[in-house]
Amino acid sequence: MLFAERLWVPWWWWPVAFAITAILAAEITMGAPGIRAWLPYVLLLPLPTFVLIWLSRLRVDVVALDGGGRELRVGRAHMPVDVIARGALVPVTAKSAAMGRQLDPAAYVQHRPWVKEMVLAVLDDPDDPTPYWLFSTRRPAQLLVALGLPEQPQR
């Protein structure tokens, strides 16, 4: 493993999610006696844990293969590093343009709004209709080094 990252949601989302869920359970309970007094809490309080872990499921990895090559894995998608022509760090200031008017509909995009920076990996594979990958990462400079690509900020 040359690079490994899991894009967890921010830590402050956890207490907010549990507070919202507790308020919802209290609204359902509304002072009712018996099973209705505790059942909403038992059923609803595990819900934010599952939702926040599901939102944090995206992994970005660069793996060394047995044959000597490297592979980039973003979520379930993977590709050999050999097909990447160049890579660029997409700063926070250019993220809106990269995700908006400049976005190619055929591009592979994995965006997490709570992660500020992104990486653009331009492909050089005639068999692949995908022109580039655009994905979120918290450590873009380290990822580009793991890919063996020089850092080139997008303009």
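The values are calculated or read from the model by the stated rules, or taken from the named source; none is laboratory data. Note that this is a predicted model, so its numbers are computed, not measured. No Cβ is skipped: glycine too gets one built from the backbone with ideal geometry, and neighbour counts run over all protein chains shown. Ligands, DNA and RNA are excluded from the accessible area calculation, which covers all protein heavy atoms including side chains. Shrake-Rupley method; radii C 1.70, N 1.55, O 1.52, S 1.80 Å.
What is the one condition in (1) surrounded by fewer than 13 Cβ atoms within 10 Å (Cβ to Cβ); (2) closer than 24 Å to Pro10 by Cα; (3) among the small types (Gly, Ala, Ser) that Ala85 does not satisfy?
(2)
State whether the residues of region 64-81 include one that is under 19 Å from the mean Cα position of the chain (by Cα), in a helix (DSSP H, G or I) and surrounded by fewer than 11 Cβ atoms within 10 Å (Cβ to Cβ).
No, every residue in region 64-81 fails to be under 19 Å from the mean Cα position of the chain (by Cα), in a helix (DSSP H, G or I) and surrounded by fewer than 11 Cβ atoms within 10 Å (Cβ to Cβ).
Does any residue of region 89-110 turn out to be touching a strand residue (DSSP E or B) at 6+ places or on another chain (Cβ under 7 Å) and on the phi > 0 side of the Ramachandran plot?
No, because not a single residue in region 89-110 is touching a strand residue (DSSP E or B) at 6+ places or on another chain (Cβ under 7 Å) and on the phi > 0 side of the Ramachandran plot.
Of everything in region 23-36 that's open to solvent by less than 40 Å² (accessible area, probe 1.4 Å) and part of a helix (DSSP H, G or I), which residue is nearest to Pro48 (Cα to Cα)? Steps first, answer last, please.
Step one: list which residues in region 23-36 are open to solvent by less than 40 Å² (accessible area, probe 1.4 Å), which gives 25, 29, 32.
Now restrict to residues that are part of a helix (DSSP H, G or I): 25, 29.
Values: Ala25: 12, Thr29: 18 Å.
For region 23-36, the residue satisfying everything is Ala25.
Working only within region 96-137, note down all residues that are of a type in the set (D, E, K, R), under 24 Å from Trp8 (Cα atoms) and either open to solvent by 60 Å² or more (accessible area, probe 1.4 Å) or without any contact (Cβ under 8 Å) to a residue 60 or more places away in the chain (or both).
Filtering region 96-137 for residues of a type in the set (D, E, K, R) gives 101, 104, 112, 116-117, 124-125, 127-128.
Narrowing further to those that are under 24 Å from Trp8 (Cα atoms): 112, 116-117.
Once the filter is applied, which keeps residues that are of a type in the set (D, E, K, R), under 24 Å from Trp8 (Cα atoms) and either open to solvent by 60 Å² or more (accessible area, probe 1.4 Å) or without any contact (Cβ under 8 Å) to a residue 60 or more places away in the chain (or both), region 96-137 yields Lys116, Glu117.
Exactly one condition in (1) open to solvent by less than 40 Å² (accessible area, probe 1.4 Å); (2) within 22 Å of Glu5 (Cα to Cα) is false for Val145; which is it?
Every listed condition holds for Val145 apart from (1).
Cβ-Cβ distance below 8 Å, separation of 6 or more or different chains: which pairs start in region 138-150 with a residue that is closer than 13 Å to Leu120 by Cα and in contact (Cβ under 8 Å) with a residue 40 or more places away in the chain and end on one that is open to solvent by less than 80 Å² (accessible area, probe 1.4 Å) and part of a loop (DSSP other than H, G, I, E, B)?
Matching pairs, first to second residue: Pro140/Glu117; Leu143/Thr137.
Taking the criterion of being of a type in the set (Val, Ile, Thr), outside any strand (DSSP E or B) and either farther than 25 Å from Val9 by Cα or touching a Pro at 6+ places or on another chain (Cβ under 7 Å) (or both), would at least one residue in region 38-57 satisfy it?
no
Give me the pairs, please: first residue somewhere in region 18-41 and among the charged types (D, E, K, R), second residue anywhere and part of a helix (DSSP H, G or I), beta-carbon distance under 9 Å, and either six or more positions apart or on two chains.
Filtered contacts from region 18-41: Glu27/Pro40; Arg36/Ile28; Arg36/Thr29.
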